[in-house]
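The values are calculated or read from the model by the stated rules, or taken from the named source; none is laboratory data. Note that the coordinates shown come from a computational prediction; the quantities given were computed from them, not determined experimentally. Every residue, glycine as well, gets a Cβ built from its backbone with ideal geometry; the counts of neighbours run over all protein chains shown. Heads up: the accessible areas ignore ligands, DNA and RNA and are worked out on the full protein's heavy atoms, side chains in. Shrake-Rupley method; radii C 1.70, N 1.55, O 1.52, S 1.80 Å.
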Amino acid sequence: MARIKKLRQKNFTIVDNTVIDDTEISWKAKGVFLYLWSKSDEWQFYEVEVAKHAKDGRDSLRSALKELETKGYLRRTRNRNDKGQVTTSDWILSEKPMLKKATQENPIQENDTLPSTDSTKYLLNQELNNSCSSKQLDETNAFVAYQMSGATLNGQTMPMLTDYVQRLGNDLVCHAIDIMSVQASHPNFSFLQKILDGYEDAGITTVEQAIEAEKLYKDRKQQRRNNNYNNSYTNKSNEAW
């Protein structure tokens, strides 16, 4: 049997032993919990960012978060705007399992009973997903999708993107990010801004309207190509005569 000699440092985190001694959760989940618990209450949590601080990768991180959520150590609540669109999420982290288990499919409501705030930590978090596809619009947050596209989100672009989300809604901005990801060789905010400004100029407020407008644009563009081809063919024929 070996003894452990602890070399204590000044920078430390205090946590209840309940989560550490819980044999029902993995070492991976415990490690992720301790990392999150070490952050301040005002810390903004991004899955993409957290994944950078360990070598496991995002899939490993996601499974650990899901495990903590299933066991009641983590609770996630979606926040929606007046249009019913997901904007942000509140993450509640507890040293002891919360009274009600919650998942993203069954988020807590405002009147849910929570444990003492002494053992609970609130993390303001952007909704997490790795895609902004139309099948996941309700699940995806535009801020994360923007970063996943390869574009840079910084102190200058963040408030501008926030403004667009507030005006046009998360789903429509997310749709525009999809288009940018496909069309732009180097996704950037200027490219996205042109798309979003085009939506506003055209009075487009929903994804359905955007898709219809894009289809109409493609049809007109194809028609112009056909007309140019026909005119060119006619001119060449006339010259031949």
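Taking the range 181-197, which residues are over 19 Å from Pro159 (Cα atoms), part of a helix (DSSP H, G or I) and open to solvent by less than 60 Å² (accessible area, probe 1.4 Å)?
Ser181
Filter the range 136-156 down to residues that are closer than 25 Å to Asp82 by Cα and open to solvent by less than 20 Å² (accessible area, probe 1.4 Å) and give me whichever is modelled with the lowest pLDDT.
Thr140
When Thr205 is evaluated against the numbered criteria (1) open to solvent by 30 Å² or more (accessible area, probe 1.4 Å); (2) closer than 12 Å to Ala142 by Cα, which criterion, by number, is the only one it fails?
Condition (2) is where Thr205 drops out.
Could you check how many residues of the range 32-57 are part of a helix (DSSP H, G or I), over 20 Å from the mean Cα position of the chain (by Cα) and loosely packed, with under 14 Cβ neighbours inside 10 Å?
1
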